[in-house]
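*Asks:* Before I ask anything, let me first share the structure, which is written out below as structure tokens.
The values are calculated or read from the model by the stated rules, or taken from the named source; none is laboratory data. Predicted model only: the values in this text are computed from it and were never measured. Neighbour counts run over all protein chains shown; Cβ positions are idealised from the backbone, glycine included. The accessibility values were calculated without ligands, DNA or RNA, using every heavy atom of the protein model including side chains. Shrake-Rupley method; radii C 1.70, N 1.55, O 1.52, S 1.80 Å.
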Amino acid sequence: MEEKTIESKVVFAGRIITVKVDRVLLENDRTSFREVVLHPGAVAVLPMFENGDVVLVKQFRYPIKEVLIEVPAGKLDQSEDPKECALRELREETGIRAEKLHYVGFIYTSPGFSNEKIHLYIAEQLSQSEQELDFDEIVETVRLPLKDALKMCMEGKITDAKTIALLSIAFLKRG
């Protein structure tokens, strides 16, 4: 089950994403079009304290015009190592520094139209300092027990996919 690209045209190139329209040859010899959002990739990191507390961030998400509760996360810079990006984003958004960072896999956010891949990490052995936010970031931290964060997922108070994935993985790993 493969589709072969016949023609590809970039219709938008921005700071974060590129959008292209491809004409593809299907397995049944028909042609169709695919709209594709190219993304450099990202990381998401769940800081977890020894007592089981986690730190999440609240921030306004412009595309949906809502404040979401999420794990700290951010876009990979060009050629940036995902682990280094995770440590940087954790420090910037929460002020937390981690001695241990465990890679737990990755997710594709919306593979029907985007190639965005988010690398998932759990951070441990944490120390707290001041946030180092970018000039255009307004982020509030929230510390709560993992079980309370999972309950918020079940109640529809946390709806961000990467956050639900990481909280679920953390819960399963803790047994």
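*Asks:* Looking at the range 1-120, what strands (runs of 3 or more DSSP E) fall wholly within it and have at least 1 residues that are at pLDDT below 95 and of a type outside the set (A, V, I, L, M)?
*Replies:* Answer list for the range 1-120: none.
*Asks:* Another one. Mind listing whichever residues of the range 11-47 are open to solvent by 40 Å² or more (accessible area, probe 1.4 Å) and among the polar types (S, T, N, Q)?
*Replies:* ASN28, THR31
*Asks:* Name the residue, out of GLU35, GLU70, that is in contact (Cβ under 8 Å) with a residue 40 or more places away in the chain, closer than 21 Å to LYS147 by Cα and of a type in the set (D, E, K, R).
*Replies:* Step by step, each of GLU35, GLU70 is checked, and only GLU70 is in contact (Cβ under 8 Å) with a residue 40 or more places away in the chain, closer than 21 Å to LYS147 by Cα and of a type in the set (D, E, K, R).
*Asks:* Right, something else. May I ask you to list the residues in the range 116-142 that are out of contact with any Lys or Arg (no Cβ under 7 Å at 6 or more places or on another chain) and exposed (fewer than 15 other Cβ atoms within 10 Å of the Cβ)?
*Replies:* GLN128, GLU130, LEU133, ASP134, PHE135, ASP136, GLU137, ILE138
A quick yes/no check of all residues on (1) over 30 Å from ARG34 (Cβ atoms); (2) in contact (Cβ under 8 Å) with a residue 12 or more places away in the chain:
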residue	(1), (2)
PRO82	no, yes
LEU87	yes, yes
GLU93	yes, yes
GLY112	no, no
ASN115	no, yes
ILE118	no, yes
GLU130	yes, yes
PHE135	yes, no
GLU140	yes, yes
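*Asks:* Moving on to the next point. If a residue must be surrounded by 17 or more Cβ atoms within 10 Å (Cβ to Cβ) and of a type in the set (Gly, Ala, Ser), how many such residues does the range 143-175 contain?
*Replies:* Total meeting the criteria: 3.
*Asks:* May I pose another question? For the range 133-155, indicate whether the set of residues that are among the acidic types (Asp, Glu) and assigned to a strand (DSSP E or B) is non-empty.
*Replies:* Scanning the range 133-155, I find at least one residue that is among the acidic types (Asp, Glu) and assigned to a strand (DSSP E or B), so the answer is yes.
*Asks:* Does at least one position in the range 1-9 carry a residue that is surrounded by 13 or more Cβ atoms within 10 Å (Cβ to Cβ) and either of a type in the set (Ser, Thr, Tyr) or within 30 Å of GLY105 (Cα to Cα) (or both)?
*Replies:* Filtering the range 1-9 for residues surrounded by 13 or more Cβ atoms within 10 Å (Cβ to Cβ) gives 3.
Add one more test, that the residue is either of a type in the set (Ser, Thr, Tyr) or within 30 Å of GLY105 (Cα to Cα) (or both), and what stays is 3.
Looking through the range 1-9, at least one residue is surrounded by 13 or more Cβ atoms within 10 Å (Cβ to Cβ) and either of a type in the set (Ser, Thr, Tyr) or within 30 Å of GLY105 (Cα to Cα) (or both).
Rundown of residues vs (1) over 22 Å from ILE118 (Cα atoms); (2) in contact with a helix residue (DSSP H, G or I) (Cβ under 6 Å, 6 or more places away or on another chain); (3) aliphatic (A, V, I, L, M), yes/no style:
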residue: GLU2; (1), (2), (3): yes, no, no
residue: ARG15; (1), (2), (3): no, no, no
residue: VAL36; (1), (2), (3): no, no, yes
residue: ALA42; (1), (2), (3): no, no, yes
residue: GLY52; (1), (2), (3): yes, yes, no
residue: GLU80; (1), (2), (3): no, no, no
